[in-house]
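Participant: Take this structure first; my questions come after.
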Amino acid sequence: MLSKAVMRSIVAPRGAFGQRALNYAERAVSATHRDREIIKRRELEKEELRPLYMDFQATTPMDPRVLDAMLPYQVNYYGNPHSRTHAYGWESEGAMEKARKQVADLIGADPREIVFTSGATESNNMSIKGVARFYKAKKKHIITTQTEHKCVLDSCRVLEAEGFEVTYLPVDSNGLLDLKARFLPAKHLTSNHFYTSLVSVMTVNNEIGVKQPVKEIGEICRSNSVFFHTDAAQAIGKIPINVSDWKVDLMSISGHKIYGPKGVGALYVRRRPRVRLEPVQSGGGQERGLRSGTVPTPLVVGLGAACEIAQQEMEYDHRRVSVLAKRLVEKITSELPDVVMNGDPEQRYPGCINLSFAYVEGESLLMALKDVALSSGSACTSASLEPSYVLRAIGTDEDLAHSSIRFGIGRFTTEEEVDYTATKCIQQVKRLREMSPLWEMVQEGIDLKSIKWTQH
């Protein structure tokens with residue numbers, strides 16, 4: 001919640017209370033490091049019940065119907081889908097092409113525009129590096145945002161090392177790109193569109209759940225002849241998507257975010273107007289030469305089944321998740337003061353709720369809620385003790401960023417689980433605040449920001 005330097009240097013207010021604040025602060029820092037180790041290494045005891053699962057942005061459980069679709073291709077229909085000389089290969093190839101159509105139907109695409117990958121991380125790498133390198137002779141500028149997934153940001157940094165120019169657009173305090181502000185993509189595109197090859201903006205953010213104005217960005221990109229890529233891993237199957245209406249040229253998809261298997265994903269690559277990629281992976285030239293390697297038939301069958309189920313149940317799932325999310329937020333905020341929802345309250349996917357509990361250390365709260373599986377941010381960056389870069393990008397104070405918890409609600413979440421999580425959260429936040437001298441100071445009417453913390 002506070003940096004180590006601040007914790008070591010607290011001298012005001014002076015006296016016994018100030019010393020108590022100092023002792024508490026130092027304990028909090030060491031406890032945070034210790035909690036990280038406990039969270040990282042602890043295993044369930046033999047008779048201990050598993051915690052409730054409320055982390056659907058990290059991954060989702062496989063839908064049993066998906067498993068049913070996959071099993072025959074794990075046992076009986078095990079042919080290589082690229083073997084063209086016998087029935088085993090033909091069976092697998094037929095299943096693969098059916099899955100390709102199921103994925104395409106979910107996003108309004110042509111099946112020939114779907115390339116199977118190992119997941120959204122590979123799809124993002126292929127899109128950003130592939131487009132940039134193919135068009136580098138004429139265009140060496142890329143635009144993205146500061147709140148993208150780490151694999152997008154790291155891909156851009158790799159390209160910067162290769163001599164490309166990358167513009168990282170800031171977002172507003174609600175997490176959204178303001179298309180009318182001075183930093184809007186149109187400004188960069190109209191001044192650099194002969195030089196810009198790609199714009200990459202995430203559809204739904206994995207930490208705070210905000211939904212970017214993808215359709216408007218797509219129109220700006222198309223009018224400036226710039227390719228538009230979106231990471232839709234958190235949006236696919238949860239909100240209606242049509243790549244033609246959105247004017248998206250490349251879209252990344254992940255299987256395990258939509259109740260499908262892990263280790264499989266897809267990349268949508270538009271055929272008209274045609275998008276060219278330089279392959280990241282070399283080999284036998286499978287998937288139109290864009291992604292070499294044997295396509296894992298059972299996994300893509302599972303991805304296809306998950307997409308078909310999501311298309312059938314999207315409206316019902318969204319309505320149900322919205323009700324549960326509202327129930328969770330209202331229960332917590334009605335009982336606890338100083339709780340902040342991060343991200344825009346309207347333009348968002350309701351199943352991703354990121355709350356900051358002022359005057360509580362997020363890692364301590366996670367440990368207190370050990371019977372509920374939650375996270376303090378992205379699973380991809382949770383090994384770091386630094387506050388979330390997404391929360392920093394939207395201007396969240398460091399102490400609030402350290403106190404954030406992400407609640408994920410999904411297809412299999414029940415009302416009882418939501419009520420239990422809310423009740424436990426309220427209890428533990430109250431308990432932790434009672435232990436906090438900072439909370440005591442606030443209750444006494446002291447403005448913490450007015451206190452000068454100095455070195456001693």
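Each value in this text was obtained by applying a stated rule to the coordinates, not by laboratory testing. The model shown is predicted, which means the values in this text are computed figures rather than measured ones. Backbone-built Cβ (ideal geometry, glycine too); neighbour counts: all protein chains shown.
Participant: Size of the dipole of the stretch 275-381 about the Cα centre, Lys and Arg at +1 and Asp and Glu at -1 on the beta carbon, nothing else charged, in debye to 20?
Facilitator: 300
Participant: Then there's this: Under a plain spin-label model, where a point goes 7 Å from the Cα along Cα-to-Cβ, how far apart in nm are E48 and Y168?
Facilitator: So the label points at E48 and Y168 sit 3.7 nm apart.
Participant: Calculate, for E444 and S225, the FRET efficiency according to 1/(1 + (r/R0)^6) with r their C-beta to C-beta distance and R0 60 Å; round to the nearest 0.05.
Facilitator: About 0.50, to the nearest 0.05.
Participant: Between K326 and R157, take the C-beta separation as r, use R0 = 45 Å, and let me know the FRET efficiency to the nearest 0.05.
Facilitator: With R0 = 45 Å, the Cβ-Cβ based efficiency is 0.70.
Participant: Expressed as cubic angstrom per residue, what is the convex hull volume of the alpha carbon set of the stretch 188-250?
Facilitator: 80
Participant: Among the trypsin sites (Lys or Arg not before Pro) within the stretch 60-160, which fall in a DSSP loop and have no more than 14 other Cβ atoms within 10 Å of their own Cβ?
Facilitator: Taking the stretch 60-160 and a limit of 14 other Cβ atoms within 10 Å, the loop trypsin sites (Lys or Arg not before Pro) found are R84, K138.
Participant: With a point put 7 Å past each Cα toward its Cβ, work out how far K150 is from I451 in nm, to one decimal.
Facilitator: Once both label points are built, they end up 3.3 nm from each other.
Participant: Right, here's the next one. Taking only the alpha-carbon positions of the stretch 58-128 and ignoring solvent, what does the Debye formula give for the base-10 log of I(q)/I(0) at q = 0.15, 0.22 Å⁻¹?
Facilitator: Each listed q maps to, in turn, -0.66, -1.18.
Participant: In nm, to one decimal, how far is the modelled label at K424 from the one at D245, with both set 7 Å along Cα→Cβ?
Facilitator: Computed distance between label sites K424 and D245 equals 3.9 nm.
Participant: What does the stretch 238-314 give for Rg and for Dmax, in Å, if only its C-alpha atoms count?
Facilitator: 13.7, 38
Participant: Normalise the Cα radius of gyration of the stretch 279-425 by 2.2 N^0.38 Å (N = residues in it) and let me know the number. Kindly include the intermediate steps, with their values, before the conclusion.
Facilitator: Numbers: Rg = 19.3 Å, N = 147, 2.2 N^0.38 = 14.7 Å.
The value comes to 1.31.
Participant: In addition: Below 8 Å, C-alpha to C-alpha, sequence gap of six or more: please give me the relative contact order for the stretch 163-316 in percent.
Facilitator: 16
Participant: Filter the GluC sites (Glu not before Pro) in the stretch 293-393 down to the DSSP loop ones having no more than 15 other Cβ atoms within 10 Å, then list what survives.
Facilitator: Filter output for the stretch 293-393: E346.
Participant: List the residues, sorted by chain then number, that are 5 or more residues from V372 or on another chain and whose placed amide H is less than 5 Å from its amide H.
Facilitator: For V372, whose amide H was placed from the backbone, the distant partners under 5 Å are L52.
Participant: Would you mind getting me the FRET efficiency between D397 and T333? Use the beta-carbon distance for r and R0 = 25 Å, nearest 0.05.
Facilitator: The computed FRET efficiency comes out at 0.85.
Participant: Kirkwood Rh over Cα pairs of the stretch 147-260 into Stokes-Einstein at 4 °C, 1.567 mPa s: D in µm²/s?
Facilitator: 88
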